[in-house]
1. Run down Pro269, Pro235 and say which single residue is out of contact with any Ser or Thr (no Cβ under 6 Å at 6 or more places or on another chain) and either free of Cβ contacts under 8 Å to residues at least 40 places away in the same chain or not in a strand (DSSP E or B) (or both).
2. Step by step: first the residues of the range 261-317, then only those that are among the hydroxyl-bearing types (Ser, Thr, Tyr) and modelled with pLDDT of 95 or more, then the one that is least open to solvent (accessible area, probe 1.4 Å). Which residue is that?
3. So how many residues does the range 21-72 have that are in contact (Cβ under 8 Å) with a residue 12 or more places away in the chain, open to solvent by 30 Å² or more (accessible area, probe 1.4 Å), over 20 Å from Val141 (Cβ atoms) and among the β-branched types (Val, Ile, Thr)?
4. Filter the range 32-85 down to the residues that are farther than 18 Å from Met134 by Cβ, in contact with a Cys (Cβ under 8 Å, 6 or more places away or on another chain) and not in a strand (DSSP E or B) and list them by number.
Amino acid sequence: MSVVDAPWDDASPAVRRRWRSRAKESLHFARTAPRHLVDRSAVTQVLVTDWRRLGADTFRIGAQWPRDHSFYTPVADSWHDPLLGAESLRQAAFLIGRHYYGAPTGQAVVVDELDIETAPSAMLLGRRPTEISMDITCTDVRHDGHGIAGLTVNAELLRDDVFLGAGRLALRFHSPEAHRTDACPATPADGLPPQPDPLPAPIAGRLREHDVVLGVAGGSAPRHTWQLRVDPGHPVLFDQPAHHVPCMVLLEAARQGTQAVCAPYRILPLDIRSAFHEPVELGLPCQIAATRLPTQDASEDTAVRVTGLQEGRLVFDSLVLAGLCD
């Protein structure tokens, strides 16, 4: 075991000093984190590249963003997709929970809240992949009789020591059996219900129909209301089997709902604050609705509230603040 990976509570003061010194060295971006630590199956979907422990509950995580991504494509050919920040934060939180707090790899993870904000000037595309560091402090670290039960990750994202954004993610760990039985009933034996036709890709802000997660609702549905489209075969959103709709699918629904409300203008999400009240079951319809909120001034960024209802219950709630690109 290396100094960096030694148990913090058992380390001597001298080891802790060496640990902090090594942790503050430059992060590396030449490899990816082990896939099982970040809940990814494909190596190409792993963004985290390196990790250091700075203190008992503080960490520095490195990640690399490609100039283009198969799903998180650049916005208006100018900016990195801000949801890369959300996915980087998710991967970092899962890695910290498993590598440093001892959550078993097979233990299911439930995300309760995910907030991400980014600075547009620092999100501009460069001539090379973007290397970022996340300075992370973990709070509300909870244990039960089986080990780590949950924690909250608070992060500051930096690009070449320039502020790129900030994020917060609260999560809980469950045994796979409890997760399936209590939180997320398995998909019905006869499979998923028929999926609605997708919203036209340009209205959803996507290049391909395959990437649209909002389905056209019936004729009596209110305006800006859709049915969530679930595609377990999607190579990015469902990179591995799931017992419930992943949080990143719901964030994408929030982004696409905001885009649809603002069409024909293209949006750049600046701040997304989301709460996942209940796991969204795969086998039941989920209604997504978007409402544009009033602003004080026409020059202000657009604010949209996006909600998800399943069997009449609020399961997902997101507030999206976005700038208009064109």
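1. Pro235
2. So the residue we want is Ser274.
3. The qualifying residues number 2.
4. Within the range 32-85, Ala76, Ser78 meet the criteria.
Condition check ((1) open to solvent by less than 70 Å² (accessible area, probe 1.4 Å); (2) at pLDDT below 95; (3) not in a loop (DSSP other than H, G, I, E, B)) across all residues:
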| site | (1), (2), (3) |
| --- | --- |
| Gly167 | yes, no, yes |
| Ala170 | yes, no, yes |
| Ala178 | yes, yes, yes |
| Asp182 | no, yes, yes |
| Pro185 | yes, yes, no |
| Leu192 | yes, yes, no |
| Pro196 | yes, yes, no |
| Ser220 | no, yes, no |
| Gln227 | yes, no, yes |
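Okay, residues lined up against (1) out of contact with any Pro (no Cβ under 8 Å at 6 or more places or on another chain); (2) within 28 Å of Gly167 (Cα to Cα):
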| position | (1), (2) |
| --- | --- |
| Pro198 | yes, no |
| Ala204 | no, yes |
| Glu209 | no, no |
| Leu237 | no, yes |
| Ile272 | no, yes |
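The values are calculated or read from the model by the stated rules, or taken from the named source; none is laboratory data. Bear in mind the structure is a predicted one, so any value in this text is a computation, not a measurement. So basically every Cβ, Gly included, is an ideal-geometry build from the backbone, and we count neighbours across all protein chains shown. When the accessible area is computed, the model is the full protein with side chains, heavy atoms only, and any ligands, DNA or RNA have been set aside. Shrake-Rupley method; radii C 1.70, N 1.55, O 1.52, S 1.80 Å.
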